């Protein structure tokens, strides 16, 4: 290896930070995909509602486009509540924030500055990971 002094540091990061980072990163990706899927369904429902509204306007003597328009509207209005759209977004943002804070720990630890400059830097790293998991910021 070109930088043998980094081996213990990288081992500590793999041991203490990487598994927690991976969990939060995957959780954030899942919630982001769930939220985006919900948004696409809302867009598709809006297109259907517009199409049925246009059909109703074009065929004023027919009742079925209006019934379908009402049905699509009710489904769209309640879909956000069913799918937990806001919860998905909040969970995504919380998990992404924790993952990015853990990513930043990598660079802070490798730089050996601040709280990671002393002999107890491995302990400080573990404390920082626990603080991120608890949603607290170490100073």
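Throughout, read-outs are computed from the coordinates displayed, never taken from laboratory work. Predicted, not measured: the structure shown is a model, and the values here were computed from it. Note that we place each Cβ from the backbone using ideal geometry, even for glycine, and neighbour counts take in every protein chain shown.
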How far is helix 121-134 tilted, in degrees, relative to the longest principal axis of the Cα atoms in the chain, given as a value from 0 to 90 rounded to the nearest 10? 20 degrees
Measure off 7 Å from each Cα along the Cα-to-Cβ vector at residue 37 and residue 126, then give the distance between these two points in nanometres to one decimal. 3.8 nm
Helix 7-16 vs. the chain, principal-axis angle (Cα, 0 to 90°, nearest 10): 40 degrees
Listed with the fewest Cβ neighbours within 10 Å leading, 98, 136 appear as 136, 98
Ranked list, fewest to most other Cβ atoms within 10 Å of each Cβ, for 23, 9, 120: 120, 23, 9
Using Cα pairs closer than 8 Å and at least 6 residues apart in sequence, work out the relative contact order for the chain, in percent. 33 percent
Return one number: the angle in degrees, 0 to 90 and rounded to the nearest 10, between the long axis of the Cα atoms of helix 18-58 and the longest principal axis of the Cα atoms of the chain. 10 degrees
Packing-based exposure ordering (other Cβ within 10 Å, fewest first) of 5, 11, 122, 16: 5, 11, 122, 16
